[in-house]
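Starting off with a structure, shown below.
Just so it is clear, none of the values below were taken in a lab; they were calculated from the coordinates. Computed from a predicted structure; not experimentally measured. Because the Cβ atoms are built from the backbone with ideal geometry, glycine has one as well, and the counts that use them run over all protein chains shown.
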């Protein structure tokens, strides 16, 4: 495919709550799932994970991230604890980029790898539709390259559906062998197009 001509995007600061309760719940998650006693929730990112939200509304998606505690309608991941899901970035379907939280704070966005990854959520994918937009693709290309320049520790870019490929690596930290969920986001097509437009990253170590 023809590479995109990109320009610099504004990153809009749209902070979600990271109050004392959310920090405490994050520390508890780290202890339970990674068996680590930590004094703070700071991370050193090694991976960028790309997601979609499974909602086609930016407003509804943002509302889902706001609370410190997980909503009651997430039974598949509630067994992993009451800490709400979160993400570092949220990209609207028109390509607008929002930063939701500090980049060195741990977000709950991927099993086994939260403690060493940055999450990028894309609005879309409701009913598993492959409906992420060209504008979102361009924004992801910009953002991935921006993060690579900002953090020389980042090695991988992966789709959420590829997360289990890391479970035999030293990056994988999940101690509960039964805690897994099936993921398909953001879709193979989207990741293929993203990877065609970025350089200097390793792919997920899948067989």
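Rounded to the nearest 500 deg cm²/dmol, what is the calculated helix-only ellipticity per residue at 222 nm for the chain, with -39500 (n - 2.57) per DSSP H run of length n ≥ 4?
-7500 deg cm²/dmol
Suppose R0 equals 30 Å; then what is the FRET efficiency for residue 24 and residue 203 from their Cβ-Cβ distance, rounded to the nearest 0.05?
About 0.25, to the nearest 0.05.
While we're on this one: If you project the alpha carbons of the range 13-80 onto the principal axes, what extent comes out on each, in Å, largest first?
37, 27, 23
Using the Cα atoms of the range 13-195, I'd like the radius of gyration and the largest Cα-Cα distance, Dmax, both in angstrom.
15.1, 42
So how tilted is helix 20-34 from the main axis of the chain? Cα-based, degrees 0 to 90, rounded to 10.
For helix 20-34, the angle is close to 90 degrees.
As I understand it, the value is the acute angle between the Cα axis of helix 134-150 and the longest principal axis of the Cα atoms of the chain; what does it come to in degrees, rounded to 10?
Between the helix axis and the principal axis of the chain, the angle is about 60 degrees.
What whole-number distance in Å separates the alpha-carbon centres of the range 9-67 and the range 186-207?
23
Same structure, new question: Over the range 115-207, what is the relative contact order in whole percent, taking alpha-carbon pairs under 8 Å and six or more residues apart?
41
Give, in nm to one decimal, the length gained when the segment between residue 99 and residue 149 is fully stretched (0.36 nm per residue of separation minus the Cα-Cα distance).
16.3 nm
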